[in-house]
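Worksheet: one structure, shown below.
All of the numbers you see were taken from the coordinates with simple rules; none came from a lab. In this text the structure is predicted, and so the values were computed from the model without any measurement. Here the Cβ positions follow ideal geometry from the backbone for every residue, glycine too, while neighbour counts run over all protein chains shown.
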Amino acid sequence: MLRFKVIVSAVPLIAAAVLARTELAPSPQPCIAVGADSVTLGAAPFHADLHVDFTDDPAQATVRVALAESPETADLVVVDDTPATDDQGCGLTAATKVVAIAAEPHLDAPLIYLIRDDAADGPADYRIYVRSSHVTAREAAALIVAARRHDPPANPVL
């Protein structure tokens with residue numbers, strides 16, 4: 001009987017630990033402002049305006065994105081150095097472009113190669129600096145490619 005009471009009293013503690021590790025509400029998707037518009041990473045690929053895909057073969061890539069060693073040399077910098085608040089983010093509008101990382105390659109999708117070593121992998125089209133616990137290098141690469149693809153060619157602003 002004592003074992004049963006111990007197990008029953010431990011169940012709420014285990015449930016609390018499991019709930020503490022899950023989110024009750026989904027966190028906002030990464031996004032960047034492009035002029036008056038914004039580009040956000042979509043959660044559902046079928047609602048995306050643009051699909052991107054990744055490759056491990058630099059010869060197949062249509063876009064090369066390098067991981068920069070310092071923020072000063074990057075086209076896009078993503079750093080978690082302040083606590084997130086609810087009012088941060090781009091907000092969804094009719095002008096928001098949604099990009100999705102394709103699970104299956106699309107014929108017209110940009111094929112991104114992440115360059116980890118500049119000396120071995122050659123030049124890059126874009127450079128990103130990512131030090132984040134919420135945004136991965138793949139997500140940041142997808143955002144910069146989508147932003148530059150939808151941005152007018154004259155003087156892009158990120």
Quick calc: nm separation of the 7 Å Cα→Cβ label points for D108 and T96 -> 2.3 nm
Note: D57 to A33 extended length (0.36 nm per residue) minus current alpha-carbon separation gives 5.6 nm
For I115, other-chain or 5+-apart residues with amide H closer than 5 Å (H placed, Pro excluded) are V65, A66, L67
With label points set 7 Å from each Cα along the Cα-to-Cβ direction at E72 and R149, the distance between them in nm comes to 3.3 nm
